[in-house]
Each structure stands twice: as structure tokens, then as C-alpha cells.
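Undergrad: Please find one structure pasted underneath; my questions will follow.
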Amino acid sequence: MSGADIPLPGGQRLPRDAVEFRAARSGGPGGQHVNTSSTKVELRVRIDDLPYDEAEKARLRERLGGRIGADDALRVTASNERSQRQNRSQAEERLAALIGAALLVDRPRRATAPSPGERRRRGEAQAPQSDPQRARRPVGGADD
């Protein structure tokens, strides 16, 4: 499994030696297997080691700030499977998905005016609410 690069969004590839894997014991139910094997995988990669330009790295830091530690490393964990190998590949897939979602540039919103039909429907929706308020007003106007 070592040696091959990890595919990333944008056609980029991350060398495996830039990624640090750590194994730990998974929590939760599972019996004796969970208590004796370290199948949970934590993947860590420094943002500066990613093959993107500085603007993209800044976007990653902004959008994935909660997953980035003080050492500027992005952390992804996987513990769903019973095998360390499966959790490792799942962590790599999650890394690629997180980076892909964080690098998406939002389309700027274009302001639009409400259509005449929307204005009419809004007025019709407000009319039933104004009738009880109108009924609470004094009948003859302001004679006080």
C-alpha cells in the first residue's frame, strides 16, 4: 500500500511520505476484538505539504479550521471498519472529499427582484393576519 500517491481533487496527487498515519484502539462496543486491536486510524497531513497554491491553502485553513491543529496539520480519523487497512483507505477517501469540498468556490449571489406573482401572494398571505388587528382598533377613529 505504501509507495503510491494519494489522489486529490483537481488532478493533484499527495505523496504518501507527506502523510502521517497513527493507529489507536477504537471505542464503542465490539467485544474482545476491539479491546485487543488498534484499528482506528488517524491521518495527519501538514497544509504546507499539500500540492496547492497559497490561495487554495488559505481557503483550506479558513474552511477546515476545526480540523487543523496548532501544528498546521489537517487531521482525519476513521474507525468504522474492523480492519486497520480498510480504515486507512477510508481516511484517505475522507481527506480527498474534505479537501474537494473546501476548495469549491461559491458562486456569487446575483440579486433579483420579487416577481409580480410573488408580491401578490405575499399580500394575500398577510391579509388574514391584518383582519384581527383591524378589528381591535377603535370604531370611530381617534376621538380620545
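The values are calculated or read from the model by the stated rules, or taken from the named source; none is laboratory data. Everything quoted here is computed from the prediction, not taken from an experiment. For neighbour counting, all protein chains shown are included, and Cβ atoms are generated from backbone atoms with ideal geometry for every residue, glycine included. In case anyone asks, the SASA skips ligands and DNA or RNA and just uses the protein heavy atoms, side chains included. Shrake-Rupley method; radii C 1.70, N 1.55, O 1.52, S 1.80 Å.
Undergrad: Condition first: free of Cβ contacts under 8 Å to residues at least 12 places away in the same chain and either under 30 Å from residue 33 (Cβ atoms) or in contact with a Pro (Cβ under 6 Å, 6 or more places away or on another chain) (or both). Now tell me which residues in region 90-109 satisfy that.
TA: Result: 93, 97.
Undergrad: Continuing with this model, one more query. From the set of residues in region 1-47 that are of a type in the set (A, V, I, L, M, F, W, C) and assigned to a loop (DSSP other than H, G, I, E, B), which is modelled with the highest pLDDT? Show your work before the answer.
TA: Our first condition is that a residue be of a type in the set (A, V, I, L, M, F, W, C); within region 1-47, this holds for 1, 4, 6, 8, 14, 18-19, 21, 23-24, 34, 41, 43, 45, 47.
If we keep only those that are assigned to a loop (DSSP other than H, G, I, E, B) too, we end up with 1, 4, 8.
On the way: 1: 49, 4: 81, 8: 88.
Among them, the one singled out is 8.
Undergrad: Answer yes if at least one residue in region 49-61 is under 16 Å from residue 14 (Cβ atoms), open to solvent by 60 Å² or more (accessible area, probe 1.4 Å), over 16 Å from the mean Cα position of the chain (by Cα) and acidic (Asp, Glu), and no otherwise.
TA: So far as region 49-61 goes, yes, one or more of its residues are under 16 Å from residue 14 (Cβ atoms), open to solvent by 60 Å² or more (accessible area, probe 1.4 Å), over 16 Å from the mean Cα position of the chain (by Cα) and acidic (Asp, Glu).
Undergrad: Anything in region 93-121 that is over 25 Å from residue 63 (Cβ atoms) and outside any helix (DSSP H, G or I)? List them, or say none. Lay out the reasoning, then the answer.
TA: Let us first name the residues in region 93-121 that are over 25 Å from residue 63 (Cβ atoms), namely 112-121.
Those that are over 25 Å from residue 63 (Cβ atoms) and outside any helix (DSSP H, G or I): 112, 113, 114, 115.
Undergrad: Something else about it: If the Cβ limit is 7 Å and pairs must be 6+ apart or interchain, which residue in region 35-61 that is among the aromatic types (Phe, Trp, Tyr) pairs with which residue that is open to solvent by 50 Å² or more (accessible area, probe 1.4 Å)?
TA: Every condition considered, the pairs that remain are 52/12.
Undergrad: For region 62-86, what are the residues that are farther than 26 Å from residue 28 by Cβ, touching a helix residue (DSSP H, G or I) at 6+ places or on another chain (Cβ under 6 Å) and open to solvent by 70 Å² or more (accessible area, probe 1.4 Å)?
TA: Result: 63, single match.
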